[in-house]
Amino acid sequence: MGQREPIDIEVPMLDLAAQRDSIRDELDLAVQRVLSSQRFILGPEVEAFEEALASYCGSRHAVGCGSGSDALLLALMAHGIGPGDEVLCPAYSFFATAGSVARLGATPVFVDIESHSYNMCPSDLRRAARSCSRLRAIVPVHLFGQTADLEAITALAEELGVALIEDAAQAIGACDFEGRRAGTRGALGCFSLYPTKNLGAAGDAGALLCDDDELAQRLRELRSHGEAERYLHDEVGINSRLDALQAAILRAKLPHLDAWTRARRENAGHYDDAFLDAGATRSDAPLLADRASGSLPLQVPWRAASPASHVFHQYVVRVPAEHRDLLREHLLKSGVATGVYYPLGLHQQRSFARENEVPRSLPATEAAARETLALPVFPELGRERREHVIDALLEYFAAV
Ligand SMILES: *Cc1c(COP(=O)(O)O)cnc(C)c1O
């Protein structure tokens, strides 16, 4: 075998060091403040972050917790969801969406996606709901940073009398069809503040949003072992408190989130223009492969009418399955990192084999898992690196 050249990554998927450098003093101050106080768990720093996040999103309460996965778990626990219950969630998402359901002994029932938005498909949702006998909740995910069709999904949740819990882990700051921020329409909204999310801590962190005072109190108890008063436990909760250090760092970063989102949108807009000019289509049109007519077998992300609906946690293109991994390899050779979110539908994961004793095919999910590729879209990308990504991608298609 020939020696492989080491590959220089010129364009990573994320450049957190660049983000840190841009706000270094603010971060240092935040960390110093916590170290001086020696208060590390919950406390005033966490309360101040919760207030800032609630106000940013337009929600009455925010409740900090240990991770996005825990936020989902706490949301389901607060609704008393447990063994035998069914929860509808999209088959195309990060594992935690369905993992949290299964963790409580409940059954995740998988819903196919819309192939243009990659979000939960309202008509497949209705079909899946009909197959349920103990349906308790619907958990839409705002995948890649774009809000799901909350108008249709909320209407169905109300009609069926089940809870709507939004997995907004990838969509902090995105707006829905009425301009409401992601995570504020359902009974509860769940956020991950994992370092690579649009608003990321320096470790694991998460939060929930809700408008209901009692529900917020219940969540505060559940995240501290169900403790209602010091050492008095009305129910069994979990240990999922937010660290003061993480809260202080998140407080320092939150005022910059809108500028970072604008930069993500600008990168996405430039990608769109370059690829559409070269003959690509949007993901609500057919994926073309007819190179002769000057078209490009590439789809750029579909966008809802409101430009605020997408915060581009990921910029995901779609190519015919036979090109996906080859394109990925070509980009890597050109120094461009990419991501595949996700290579399998959740209904295809071995861990959910029991839930899928009679495996149901979810064609839009399975196609997306074979055909999508995420390009670097992080705020600090800049014009030069963006152009390099565009050139490298078009170079691949010029040669096929
Ligand atoms: C990141 C993520 C989560 C889980 O968040 P963690 O903080 O990693 O536990 C849940 N759902 C979605 C859609 C995510 O992207």
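Just a few scattered comments:
- For region 384-400, 3J(HN,Hα) per residue [Karplus equation, 6.51 cos²θ - 1.76 cosθ + 1.60, θ = phi - 60°, Hz, x = Gly/Pro]: 5, 5, 4, 4, 4, 4, 4, 4, 5, 5, 5, 4, 4, 6, 5, 8, 9
- Phi angles of region 54-60 translate, via the Karplus equation with coefficients 6.51, -1.76, 1.60 and θ = phi - 60°, into HN-Hα couplings of 4, 5, 4, 8, x, 10, 6 Hz per residue; Gly and Pro are given as x.
- In order along region 75-90, phi translates into HN-Hα couplings of 4, 5, 4, 5, 9, x, 7, x, x, x, 6, 10, 10, 8, 9, x Hz, rounded to whole numbers, per the Karplus curve 6.51 cos²θ - 1.76 cosθ + 1.60 with θ = phi - 60° and x for Gly and Pro.
- Residue-span extension gain [ASP25 to VAL400] - 0.36 nm each, minus C-alpha spacing: 130.1 nm
- Per-residue [θ]222 nm for the chain (sum of -39500 (n - 2.57) over DSSP H runs n ≥ 4, rounded to 500): -12000 deg cm²/dmol
- Distances between every pair of Cα atoms in the chain, grouped in 10 Å steps from 0 to the bin holding the largest one, split as 5, 23, 31, 25, 13, 3, 0, 0 percent.
- Cα-centred dipole magnitude for the chain, charges only on beta-carbon of K, R (+1) and D, E (-1), debye, nearest 20: 420 debye
- Close amide-amide hydrogen proximity is noted between GLY237 and HIS225, GLY226, each under 5 Å apart and 5 or more residues distant or on a separate chain (H modeled in the peptide plane; Pro and chain starts excluded).
- Ranked for footprinting exposure by Cβ neighbours inside 10 Å, fewest first, SER115, SER283 give SER115, SER283.
- Scanning residues 5 or more positions from VAL109 or on other chains, those with amide H under 5 Å from its amide H are VAL87, LEU88, CYS89, with H placed 1.01 Å from N in the peptide plane.
- Net charge of Cβ neighbours under 13 Å - reference GLU380; Lys, Arg +1; Asp, Glu -1: +2
- Mean Cβ count within 10 Å, highest first, over the residues of peptides 300-312, 197-209: 197-209, 300-312
- Region 307-400, dipole about Cα centre (Lys/Arg Cβ +1, Asp/Glu Cβ -1), debye to the nearest 20: 180 debye
We did not get these values from a lab; they are worked out from the coordinates using the rules stated. This is a predicted model, so every value here is computed, not measured. So basically every Cβ, Gly included, is an ideal-geometry build from the backbone, and we count neighbours across all protein chains shown.
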